[in-house]
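Quick notes on the structure that follows.
The values are calculated or read from the model by the stated rules, or taken from the named source; none is laboratory data. If you're wondering where the values come from, they're calculated on a predicted model, not measured in any experiment. Methodologically, a virtual Cβ is constructed for each residue, glycine included, from the backbone with ideal geometry; neighbour enumeration extends over all protein chains shown. Each accessible area value is taken on the protein alone, full model and side chains, heavy atoms only, with ligands, DNA and RNA left out. Shrake-Rupley method; radii C 1.70, N 1.55, O 1.52, S 1.80 Å.
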Amino acid sequence: MNAYLKLDRIDKSFKRGGTTSEVLRDVNLEIAQGEFVSIIGHSGCGKSTLLNIVAGLADTTKGVVFLDGTAVEEPGPDRAVVFQNHSLLPWLTVYDNVRLAVDKVFGRAKSKAERHDWTLQQLELVHMGHAKDKRPGEISGGMKQRVGIARALAMQPKVLLMDEPFGALDALTRAHLQDSVMEIHARLGNTVLMVTHDVDEAVLLSDRIVMMTNGPAATIGEVLDVQLARPRKRLDLVNNQTYLSARAAVLEFLYARHKAPSIAA
Amino acid sequence: MGMPARKLEPVPAAKAAGAAVVELKRATPGFADRVKPVLTALWTNLLPPAVTIAILLGIWQIAFDRPGATLPAPTVVWSQAFDLIAEPFYVAGSQDMGLGWRVLTSLQRVAVGFGFAAIVGVLVGAIVGQSVWAMRGLDPVFQILRTVPPLAWLPISLAAFRDANPSAIFVIFITAIWPILINTAVGIRNIPQDYRNVAQVLRLNHLEFFVKIMLPAAAPYIFTGLRIGIGLAWLAIVAAEMLTGGVGIGFFIWDAWNSSRIPDIVVALVYIGLVGFALDRMVAFVATRVTRGTAAN
């Protein structure tokens, strides 16, 4: 496989005082360009830490992340992050939140008018053009996350990182946003790495699902190929055999072989 | 049960009653209707303080309206210091001018001292809030220095500047800077990690981070500091001017005391109170305008 994003023998441990706690051990993963990969696991298994390592927001104890042949050392707009709690700046309007990213990334490459158009284009892509002059405090949680996605896409990242992007949303809003993400992925062909704890979400969106074992010293337990044709339609999948068996495989991994620590104890 | 479900279907109300939509005449608000809320607002906001002031003045009048009283009663103040009350902006000589001019002179000193305090306080506060080592090194020093009373700085600043005016300004500066600095530092320390992550992903440089993230995120804290600072500055200027002399509301009080013009002092106190109140409200007003939307959600 042609690895666009490569996680090479990642170890991560935290030192606090005299004690060292090992979070991740020997994580290896290769992702091709345009692939949509989900990481799923029980809470505390280090999946968000793994995403932060790829983002450059956390460093590895051992091992290297390669993106497009270059080692990742610090955060950067080529690995834009959609944060779980949207992380919009509350004092800026929706437009300005996206524009800040656009100005920073394309300040030299694009003219002012081009940056303006690009910002509006991103907002239209997530259907938020109508709210461009609102502040984050004035829009709903789902809309905030749409803007968060627009901000990340506006950076034209090599890989889009999503950290439980819909975890804080209600089920209906979540479904809407999942559809939007699928639509955007189909149009732009981004490489996406998403952390989630929602089995249906993982199966619906992903080309591959990476299942993590429980911590401490968590690692990749199994990788599942989701062989469903795109575009995928939520309703069509309800009784789809491939969908159901993929879903069953993930559930079996999470609840039979790798129960949450509290359940296992 | 046995009842068929169809019977529960509601009959369209309008058809059943044969009702027509009657257009009600829309009431156009008359003059009285428009004035009424304004009057109500005035009534509820101005009446209670007016009553309080009237009662206080009454007690004061009763207490001091007798021969041999040590302090003047309100009526005496009104008659003896009427020129000061009626004409804030007259000039009749280098030490004989309206209280308006004196207050403006004092305000000028406060503006310079407080301006410097705001700039230095926010910058140093940002460094202290951002860097653990700067905080460890500087915080104990600040905690000690901030307890030094404003006037205790005056002799040492007179010795350093050898001039009354810059010394008074320095006293304002050193009085106002601590709350600004300490509040800014706390505000910067409380910036959510989320915003820092965003800045890192966008690769904002130090200046961009300061202007685009730090200042707006810490603005509510900074303005709390500024508001406390301006209050302290106004407290300090009166005391400092009493000692340094020259034109200014503080020296006016000291001068009036030396020439036994007690009614003048009473008028000056009212001026000081009103100006201090106005300053506080001004900073609060700017704060609400600037920090609109900064509250995290």
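Of all residues in region A:238-247, those satisfying the criterion of being part of a loop (DSSP other than H, G, I, E, B) and either at pLDDT below 90 or of a type in the set (Val, Ile, Thr) (or both) are A:238, A:239. Of the helices (runs of 4 or more DSSP H) lying entirely inside region B:139-203, the ones with 2 or more residues being more than 14 Å from chain A (Cβ to nearest Cβ) and among the β-branched types (Val, Ile, Thr) are found at B:164-189. In region B:218-229, how many are under 16 Å from residue B:278 (Cβ atoms) and surrounded by 24 or more Cβ atoms within 10 Å (Cβ to Cβ)? Total meeting the criteria: 2.
So that you can scan it fast, the table gives a plain yes or no per residue for (1) hydrophobic (A, V, I, L, M, F, W, C); (2) in contact (Cβ under 8 Å) with a residue 24 or more places away in the chain; (3) within 19 Å of residue B:125 (Cα to Cα):
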{"residue": "B:155", "(1), (2), (3)": "no, no, no"}
{"residue": "B:158", "(1), (2), (3)": "yes, yes, no"}
{"residue": "B:164", "(1), (2), (3)": "yes, yes, no"}
{"residue": "B:178", "(1), (2), (3)": "yes, yes, yes"}
{"residue": "B:188", "(1), (2), (3)": "yes, yes, yes"}
{"residue": "B:192", "(1), (2), (3)": "no, yes, yes"}
{"residue": "B:197", "(1), (2), (3)": "no, no, no"}
{"residue": "B:208", "(1), (2), (3)": "no, no, yes"}
{"residue": "B:226", "(1), (2), (3)": "yes, yes, yes"}
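Can you confirm whether residue A:186 is at pLDDT 90 or above, under 30 Å from residue A:62 (Cβ atoms) and either open to solvent by 10 Å² or more (accessible area, probe 1.4 Å) or not in a loop (DSSP other than H, G, I, E, B) (or both)? Criteria not met by residue A:186.
Scanning region A:32-45 for residues that are over 16 Å from residue A:83 (Cα atoms), open to solvent by less than 10 Å² (accessible area, probe 1.4 Å) and not aliphatic (A, V, I, L, M) yields a total of 3. For region A:68-83, filtered to residues that are more than 9 Å from chain B (Cβ to nearest Cβ) and farther than 16 Å from residue A:154 by Cβ, the residue that is surrounded by the most Cβ atoms within 10 Å (Cβ to Cβ) is A:72. Restricting region A:98-127 to residues that are surrounded by fewer than 19 Cβ atoms within 10 Å (Cβ to Cβ) and among the small types (Gly, Ala, Ser), the residue that is farthest from the other protein chains (Cβ to nearest Cβ) is A:113. Please verify whether region B:40-50 includes one or more residues that are closer than 30 Å to residue B:222 by Cα and part of a helix (DSSP H, G or I). Yes, because at least one residue in region B:40-50 is closer than 30 Å to residue B:222 by Cα and part of a helix (DSSP H, G or I). Condition first: more than 14 Å from chain B (Cβ to nearest Cβ), in a loop (DSSP other than H, G, I, E, B) and in contact with a strand residue (DSSP E or B) (Cβ under 8 Å, 6 or more places away or on another chain). Now tell me which residues in region A:43-67 satisfy that. Once the filter is applied, which keeps residues that are more than 14 Å from chain B (Cβ to nearest Cβ), in a loop (DSSP other than H, G, I, E, B) and in contact with a strand residue (DSSP E or B) (Cβ under 8 Å, 6 or more places away or on another chain), region A:43-67 yields A:45, A:46, A:60, A:61.
With a cut-off of at least 3 residues that are within 20 Å of residue A:51 (Cα to Cα), name the helices (runs of 4 or more DSSP H) lying wholly within region A:74-176.
A:141-154
Of the candidates B:282, B:214, the single residue that is open to solvent by 60 Å² or more (accessible area, probe 1.4 Å) and either of a type in the set (A, V, I, L, M) or at negative phi (or both) is B:282.
For every residue, the table says whether it meets (1) crowded, with 17+ Cβ neighbours inside 10 Å; (2) without any contact (Cβ under 8 Å) to a residue 60 or more places away in the chain.
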| residue | (1), (2) |
| --- | --- |
| A:142 | yes, yes |
| A:155 | yes, no |
| A:167 | no, no |
| A:173 | yes, yes |
| A:225 | no, yes |
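This table checks each residue for (1) at pLDDT 90 or above; (2) within 30 Å of residue B:246 (Cα to Cα); (3) open to solvent by 70 Å² or more (accessible area, probe 1.4 Å).
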{"residue": "B:11", "(1), (2), (3)": "no, no, yes"}
{"residue": "B:34", "(1), (2), (3)": "no, no, yes"}
{"residue": "B:37", "(1), (2), (3)": "no, no, yes"}
{"residue": "B:53", "(1), (2), (3)": "yes, no, yes"}
{"residue": "B:83", "(1), (2), (3)": "no, yes, yes"}
{"residue": "B:87", "(1), (2), (3)": "no, yes, yes"}
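Residues of region A:86-94 include at least one that is more than 20 Å from residue A:56 (Cα to Cα), out of contact with any Asp or Glu (no Cβ under 8 Å at 6 or more places or on another chain), open to solvent by 10 Å² or more (accessible area, probe 1.4 Å) and facing chain B (nearest Cβ under 10 Å).
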